[in-house]
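Student: This is the structure, below, for whatever I ask next.
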Amino acid sequence: MEQKYSASAEQVFALLSDPKWLEARSLALGELSAKVKARKSAGGVLLTMHRRVHRDLPGLVAKVLSPEADLVFEEQWSAEDDGGRSGSLSMDITGQPVKMSAQFELLPAGKGCIYRITHKCKSSVPLVGGAIEKFALAQVEKGCADEFAYLVAYLKKCK
């Protein structure tokens, strides 16, 4: 997934690493709760996020997953020489057989920047794991698209 922003990589990173902004975004996008902590280090930041969500589940997936879930994220950002950022993300759904990971980069591009994310989902359920992975990946990518759109609107509103 990819999104171009009219703000600099530095400005976008400041938002994407701000716990209060991330919590507000999660709640604005309909999540039930969100708590984010940041631990900064030389040029980077480690974010831990606990978010509670409700999702409508199709029949087969509803037999394995709960519609309400606690998501635990760990997101590690590092500084790049070109002024951009890169990192990785892992997400566990507490008590459910699905894990998600992602690699991402925030690249300077003219007066703005480009944010790229590649997601992977894995389910440990025999036989129907592939269907669960496909559903989970679609949900993750829809959520990511919503987060991209939220940031676009936020930047436009704050100009």
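Student: How large is ³J(HN,Hα), in whole Hz, for each residue of region 83-92 in order, when computed from phi with the Karplus curve 6.51 cos²θ - 1.76 cosθ + 1.60 and θ = phi - 60°, using x for Gly and Pro?
Tutor: Each residue of region 83-92 in turn: x, x, 9, 9, x, 9, 9, 10, 9, 10 Hz.
Student: Next up: For Lys142, which aspartates and glutamates qualify as cross-link partners when the Cα separation must be under 19 Å and same-chain residues fewer than eight apart are set aside?
Tutor: Once the sequence-local aspartates and glutamates are set aside, what remains near Lys142 is Glu2, Glu23, Glu31, Asp56, Glu68, Asp70, Glu75, Asp92, Glu105, Glu133.
Student: For a 24 Å ceiling on Cα separation, which of these pairs sit above it: Lys35/Lys63; Lys37/Lys134; Lys4/Lys156; Lys20/Lys120; Lys20/Lys156?
Tutor: From Lys35/Lys63; Lys37/Lys134; Lys4/Lys156; Lys20/Lys120; Lys20/Lys156, over 24 Å: Lys35/Lys63; Lys37/Lys134; Lys20/Lys120.
Student: For n ≥ 4 DSSP H runs only, could you compute -39500 (n - 2.57) per run for the chain, divide by its residues and tell me the 222 nm figure to the nearest 500?
Tutor: Dividing the helical sum by the residues of the chain leaves -10000 deg cm²/dmol.
Student: Of Val128, Ile117, Tyr154, which is farthest towards the positive pole of region 69-159's charge dipole, taken about the Cα centre with +1 and -1 on the beta-carbons of Lys, Arg and Asp, Glu respectively?
Tutor: Farthest towards the positive pole: Tyr154.
Student: Any idea what % of Cα-Cα pairs in region 1-71 are farther than 14 Å?
Tutor: 69
Student: Let me have the relative contact order for the chain, percent, based on Cα pairs under 8 Å that are six or more residues apart.
Tutor: Normalised by residue count, the contact order of the chain is 21 percent.
Student: Can you give me the accessible area per residue for the chain, using a 1.4 Å probe, in Å²?
Tutor: For the chain, the per-residue accessible area is 56 Å².
Student: If I compute solvent accessible area with a 1.4 Å probe over the protein chains, what percent of it on region 51-152 is carbon and sulfur?
Tutor: Carbon-and-sulfur percentage of accessible area, whole number: 54.
Student: Return the ratio Rg/(2.2 N^0.38 Å) for region 8-159, where Rg is computed over Cα atoms only.
Tutor: Cα Rg divided by the expected 2.2 N^0.38 Å: 1.08.
The values are calculated or read from the model by the stated rules, or taken from the named source; none is laboratory data. Quick caveat, the model's predicted, so the values are computed rather than measured. Positions of Cβ are generated from backbone atoms using ideal geometry, with glycine treated the same way; all protein chains shown enter the neighbour counts. Surface areas here come from the heavy atoms of the whole protein model, side chains and all, with no ligands, DNA or RNA. Shrake-Rupley method; radii C 1.70, N 1.55, O 1.52, S 1.80 Å.
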